[in-house]
1. Could you check, for segment 488-506, whether at least one of its residues is within 20 Å of R792 (Cα to Cα), among the hydroxyl-bearing types (S, T, Y) and modelled with pLDDT of 95 or more?
2. Of the residues L492, L552, L544, only one is under 25 Å from E747 (Cα atoms), touching a residue at least 12 places away in the same chain (Cβ under 8 Å), buried (at least 22 other Cβ atoms within 10 Å of the Cβ) and away from the ligand (no atom under 16 Å from the Cβ); which?
3. Could you check D199 against (1) part of a strand (DSSP E or B); (2) acidic (D, E); (3) in contact (Cβ under 8 Å) with a residue 60 or more places away in the chain and say which number it fails?
4. Residues K177, K227: which one is touching a residue at least 24 places away in the same chain (Cβ under 8 Å), among the charged types (D, E, K, R) and surrounded by 17 or more Cβ atoms within 10 Å (Cβ to Cβ)?
5. Would you check which residues across segment 74-121 are assigned to a helix (DSSP H, G or I) and within 16 Å of the ligand (Cβ to nearest atom) and list them?
6. Taking segment 417-454, which residues are aliphatic (A, V, I, L, M), over 23 Å from T667 (Cα atoms) and surrounded by fewer than 22 Cβ atoms within 10 Å (Cβ to Cβ)?
7. Just name the residue that is nearest to the ligand (Cβ to nearest atom) out of those in segment 693-720 that are among the charged types (D, E, K, R) and surrounded by 12 or more Cβ atoms within 10 Å (Cβ to Cβ).
8. Out of all the residues in segment 787-800, which are in contact with a Phe, Trp or Tyr (Cβ under 9 Å, 6 or more places away or on another chain) and surrounded by fewer than 22 Cβ atoms within 10 Å (Cβ to Cβ)?
Amino acid sequence: MTNVFVDKNVFKEAFQTRVEQIYGIKFEESTPHQRYFTLGTLVREYISSNWIETNQAIVEGKHKQVYYFSMEFLMGRLLTNNIMNLGIRSTIEAAMNDLNIDLNELEKIEADAGLGNGGLGRLAACFMDSIASLALPGHGNGMRYRYGFFEQKIIDGYQVEVPDKWLQRGYVWEVRKSNESVEIPFYGEIKVDKVDGRDVYTHLPAEYVRAVPYDVPVVGDITSGNKTVNTLRLWSSEPTEKDYPDHISAVDYEKGVRNISEFLYPDDSTREGKVLRLKQQYFFVAAGVRWAVRQHKETYQTLDNFHEKNVLHINDTHPALIVPELMRILIDEEGYDWDQAWFITQHSCAYTNHTILAEALEKWPVDLFKPLLPRIYMITEEINRRYCLDLLNRYPNQPEKVAQLAIIGHDQVRMAHLAIVGSFSINGVAQLHTDILTHIEMKDFYHMYPDRFNNKTNGITHRRWLLHCNPELTKILDEQIGTQYHTNTFELAKFEEKINDKNVKDEIKKMKYARKKALSDRIYKEQGVLLDPNSIFDIQVKRLHAYKRQLLNAMHIMYLYNRLKEDEVFRANFHPQSFIFGAKAASGYYFAKKVIKLINSIAEKVNNDSDTNQLLKVVFVENYNVTYAELIMPAADLSEQISTASKEASGTGNMKFMLNGAMTIGTMDGANVEIHELVGDDNSFIFGLSADEVNDYYQNGGYNPWDLYHSDARIHRVLDQLVNGFLTPDTEEFRDIFNAVTHHGDEYFVLKDFDAYVRAQERANQTYKNQDKWLEMSMINIARSGKFSSDRTIQEYSDQIWHLDPLTF
Ligand code: 26V
């Protein structure tokens, strides 16, 4: 096919013709959506030759590959990303100008692919971009949910969840590959036969579900001649092409089947919800492993060397069934004996842990697991039996230790233990997190398998989180330090030479103003709240969770409001500050939803008080998602990273803010520690308990929030205002928040860190008044953020875990 992007005239012609061919109408009559879809189609077609060549290069060069198994890929929009990585933006823009079409408006038509909850899913998306941009052979394997993460509406201050119908108008980037569908077995029985004196097991499933792949091309950055286009394969569930099961009606069977890929993270608080989630996990794991195995056999005709040519990456425990599934294929289908199969499996799998929160560590009740996946359960039991024999050798007189470390215990299958035992590499996502894993949470495993544990500090793709979302900053950087940082972010360090250059500082100031203005325009348009771009934009955007402590931020705002109303001197010294929140709460997470209501009630109060609203504004932006983040990250002065130390494994929003010149106000948690290591106390506002102090309190007690309630008048007053009708006439509305931080012990140390947080906020506010100093700090943050590109992270995964070679074709 000819390249329609060679120049604007060729493209213009092809574009108009194609609109008419696809839709059978005159170009002039086509809708913006039709134009968007046609542009997407042309881009996808343009990608296809490199896509084919990438797959050929992998096979012909016998390259080792990684399959990144993740239940979540929070991709956001892809048009802008793809045309940027392909280097065809200017051609398209020129043509669109001629046609009087605003390319930015077309880009806004794309649905934001929100197949993830938060950091874990967005990390997977950044990794896809970096793997392809480093020309590494690596593919994503996930679920094609019909409904992505819910859309959030705020009604009367409360969160209301609306289904996210992202596929409704079609998804231009996906290619359905029904010929590569596979049948996934569930339920049923196991038949045992003796063959040559050996037990051979056959699973006789009660039902099959068809897994149909939809492939999305992942386009690497073409700079330096890279042509890599990897695959993100998302599986959709459909009725089998075999016989329908005879124990349920066809209608019930079809409904059950469709359900598997219907929703991201269905509610797992009920038994039905749990079964569905485990079904999802096995479904996309079994389909993905078959994909990898089939590809491997086509090239090598044997699985003997599977582990030398493939890595199956387990993103959090959700895909940990890879371990027994690969064992099953090797033993039941390929005739390997246990030890050979175990060697291949254990050398193929690598596991990343993303949280130490106990409630997030997956455990499946045996009585649910066993009937659903009978053969997989048998294999898991055998893995456990052999592993426990090993444990008994290590701990001969400690049966309770063996029980505690087992994969199956208390009638549950512990997915993290399965992933650890079955993987050659186990990593945390920031140094502090890895230290906590090895020294506390997983210390016995670490002592057993010290060589398997390693750290890979997270990163973000600077292509989306700088080059695309902040054109003003990109322009300044290009002019000041050249463009090498586009391919090597450590080159950003050169920008530090400019911190005393008055003109550059001015440029940075203008850039920040422009980005703040753009955000405040959208907020004003959508929510009617007017923010002054000259005020400090203090932003906390992330999932809503008690440990992330949006409540601490909210309580501080209440304190500020009280103080601004009463303390003239304080008022006179205070630089106006705008507090911006964005967060979705899990639909069943009562406390988190109350915090959203609290923030909105505070906003209502302070924004409407003419005594203070020139100084203090609060806004909770509706429906925070990847696309919104692209507007928000560049607009921040202060980046709120205030989790209880030890709880946030890494955080990645912290990195996006830093790269765009915001200062971190945060605890020594997750990757904040590494940000602080780079910029020091002078260029960040660090406060609060350390992870060691937090863990000490958890282990030894010694903290009583009532003491602070009684001794700190600010805390006393703010807490009383939650329940005395100050914010809303209903004095019960925030009673449970009051109780959480008093009667229930303040598990996340909100009151304990309150004073330190207030002081850090004061430092930030006062520092901002010295614009010269602030701009210098901002530039230092930008210049030292090079480490946090996911290109660096992926290079480390590749060098130290995956051992991949870049493609050259
Ligand atoms: C899961 C759950 C599930 C049940 C209830 C509460 C709860 C709380 C947290 C989680 C987190 C699941 C794993 C996760 O998303 N971890 C995030 O991974 C990011 C990428 O590594 C990292 O930056 C975040 O710090 C980490 O929270």
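1. Scanning segment 488-506, I find at least one residue that is within 20 Å of R792 (Cα to Cα), among the hydroxyl-bearing types (S, T, Y) and modelled with pLDDT of 95 or more, so the answer is yes.
2. Details: L492 fails: under 25 Å from E747 (Cα atoms); L544 fails: away from the ligand (no atom under 16 Å from the Cβ).
Checking each option against the conditions leaves just L552.
3. (3) is the only condition that D199 fails.
4. Numbers: K177 fails: surrounded by 17 or more Cβ atoms within 10 Å (Cβ to Cβ).
When all the criteria are applied, what remains is K227.
5. Here is the first cut: in segment 74-121, the ones assigned to a helix (DSSP H, G or I) are 79-86, 89-98, 103-107, 119-121.
G119, L120, G121, listed by residue number.
6. Residue satisfying the conditions is M448 alone.
7. Step one: filter segment 693-720 for residues among the charged types (D, E, K, R), giving 693, 696, 707, 712, 714, 717, 720.
After this cut, where a residue has to be surrounded by 12 or more Cβ atoms within 10 Å (Cβ to Cβ) as well, the list is 693, 696, 712, 714, 717, 720.
On the way: E693: 20, D696: 22, D712: 29, R714: 30, R717: 31, D720: 30 Å.
Among them, the one singled out is E693.
8. K787, R792
The values are calculated or read from the model by the stated rules, or taken from the named source; none is laboratory data. Worth saying up front: this structure is predicted, and the values here are computed from it rather than measured. Please note: Cβ atoms are built from the backbone with ideal geometry, for glycine as well, and neighbour counts cover all protein chains shown.
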